[in-house]
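Inspection log for the structure reproduced underneath, given as C-alpha cells.
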Amino acid sequence: MTKPVARPEIFSVASYVGGESKLAGFENPTKLSSNEGAFGPPPGAIKVMAQAAATMHRYPDGGSTKLREAIGAKFGLDPARIVCGNGSDELLSLLIQSYGGPGTELIMSEHGFAIYEIAGKLAGCTVLKAPETSLTTDVDAILFLVTPATRMVFIANPNNPTGTALPQSEVERLRDSLPPHVLLVLDAAYAEYVERADYDAGVKLVDAGENTVMTRTFSKIFGMGGARLGWCYAPAAIVDVLNRVRPPFPINNFAAAAGIAALAEPSWLETSRAHNSTERRRLTERLTQSGLKVIPSEANFVLVDFVTVERASAADAYLRQRGIIVRQVKSYGLPHCLRITIGTSEECSRVAEHLTEFCHG
Ligand SMILES: *Cc1c(COP(=O)(O)O)cnc(C)c1O
C-alpha cells in the first residue's frame, strides 16, 4: 500500500445528499426540498441565540441539563431518560455504533430514511430492507427478515420520504413479535404533524420495556435544522450507553439556548400543526384534482407519484424553471416521485398552480 486505505465497508455507502437550496438564475428560490417547517425559526429562539454569543468562551454543559429539563417539562417525560444529540442523526448513529456492528443485522423498511443505511453500513452492520405495502412500512415483511443476527429495527413513523405512518396497533404488534433483545428505534421526526388518532410517537413503548427508543428533532416543526438539535427518550440502560459514547459536548451553547426558547414559544406547536394540516389537505386536493397521485401524508410534506421517471423529471425541471425546488427521491428508490415540503400558504399555492399548469400543458 502506498497511501492510506479506508475500511472497505465505507465504499458501500453512498453519501447523504440533502435537499438542494440553490437554483441558477434565482436569488431567492422557493425551497420546498428539506421539510424545514413553514415559518422559519421561533422568534424567541433567534433572540436568545444572539444573547448567547457573549458567553461563547464558556464550554457548554455536556449533559444538556437545562435543555433536557425543558424537553421533559414540555412533553411530560423524565429528563433523566432523555439524551440530546447534534441532530437526531447523531443519536441514530450512536445507537447503531453501540448496538450494531460487524456480524449484526439491521432491518429497515424499503423506502425508509437514508441515515439508517448509511450509519448501519459504516458501523459494519448488514442492512436489510423490508418491502413496503402501498408505500407503507409492512410489519410482517420486517418480521420475515428477522434472524438470530438481528439486533436493530428502524422505523420512521411517519416515514420520510413517503409521509405514511403506521397505526399504534401495528407498531405494538411489531414490538410484541420481535425478540426482546432486538432494539426497536422509532424515529418520530414528524410526530408533531400527525393527525390520525391511533398514533403514539413512541413514549408508550419506551415506557413499556427496555428495548425501544424514540428519537425526536428540532429540525422540522421547530424550524431549527441549521442549529442541529435532536433528542431521544430511552430506557435507563440505553441512556447510560449513549452517555458513554456521545461526544463530550454534543450541543453547543447556541442550540441549547434556542431549543429551550423554542419550547417556550407561545402557541408555536399549535399554530404550526394547524397550518400544516390545512395546507397539506389543500395541496393534496389541488394536486389530486389536477390528476396527480398524492400519497396520503401524516408529515409536513407530500410525496407525489408521477408514474414514470420521465414525467417526474419533467415536472421537476418545470418547477425549477419557475424558481421552485422540490426533492428528487431517486436515492430512495422512488425515481418516479417528487417530495414537496409544506411551506407557507403562498408557497403551497405557487407549487400547486405550476403543477396544475404542468399537467394541463
Ligand atoms: C429530518 C429527519 C431526521 C433528522 O433530523 P436531525 O435532527 O436534523 O438530524 C431524522 N429522521 C427523519 C425521518 C427525518 O426526516
Point to revise | Mean accessible surface per residue for the chain, computed with a 1.4 Å probe while every protein chain stays in place, in Å² | key: 44 Å²
Point to revise | the chain - convex hull of alpha carbons, volume per residue in Å³ | key: 164 Å³
Exercise for review: Mind counting lysine pairs for me in the chain? Cα separation below 29 Å, and the two need to be 8 or more apart along the chain or on different chains.
Suggested key: 29
Study note, to complete from the structure: If each K or R counts +1 and each D or E counts -1, the residues other than Leu77 whose Cβ falls under 11 Å of its Cβ total +1
Check your understanding: Residues with amide H under 5 Å of Lys293's amide H, sequence separation 5 or more or different chain, H placed in the peptide plane at 1.01 Å from N; which?
Key -> Asp305
Point to revise | Carbon + sulfur, % of accessible area of the chain - ligands and nucleic acids excluded, 1.4 Å | key: 56 percent
Review point. Could you state the number of Å between the C-alpha centres of the stretch 1-71 and the stretch 280-328?
Key: 26 Å
Point to revise | In Hz, Karplus ³J(HN,Hα) per residue of the stretch 327-343 (6.51, -1.76, 1.60; θ = phi - 60°; x = Gly, Pro) | key: 10, 6, 10, 4, 5, 9, x, 10, x, 8, 10, 10, 9, 10, 6, 6, x
Check your understanding: Which whole-Hz ³J(HN,Hα) couplings does the stretch 133-147 yield from phi under the Karplus relation 6.51 cos²θ - 1.76 cosθ + 1.60, θ = phi - 60°, glycine and proline marked x?
Key -> 10, 6, 6, 10, 3, 10, 4, 5, 5, 5, 4, 4, 8, 5, 10
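Given 0.36 nm per residue, what is the gain on full extension from Leu269 to Val13 after removing their alpha carbon distance, in nm?
Result: 88.6 nm gained on full extension.
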Study note, to complete from the structure: Given trypsin sites (Lys or Arg not before Pro), DSSP loops and at most 11 other Cβ atoms within 10 Å, the longest exposed-site-free stretch of the chain is 59-361
Practice item. Give a residue-ordered list of calculated ³J(HN,Hα) values for the stretch 81-86 (Karplus: 6.51 cos²θ - 1.76 cosθ + 1.60, θ = phi - 60°; whole Hz; x for Gly, Pro). Key: 9, 10, 10, 9, x, 6
Point to revise | Other-chain or far-sequence residues with amide H under 5 Å of Asp187's (modelled H) | key: Ile155, Ala156, Asn157, Thr215
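The values are calculated or read from the model by the stated rules, or taken from the named source; none is laboratory data. Note that this is a predicted model, so its numbers are computed, not measured. Cβ atoms come from the backbone with ideal geometry, glycine included; neighbour counts cover every protein chain shown. In case anyone asks, the SASA skips ligands and DNA or RNA and just uses the protein heavy atoms, side chains included. Shrake-Rupley method; radii C 1.70, N 1.55, O 1.52, S 1.80 Å.
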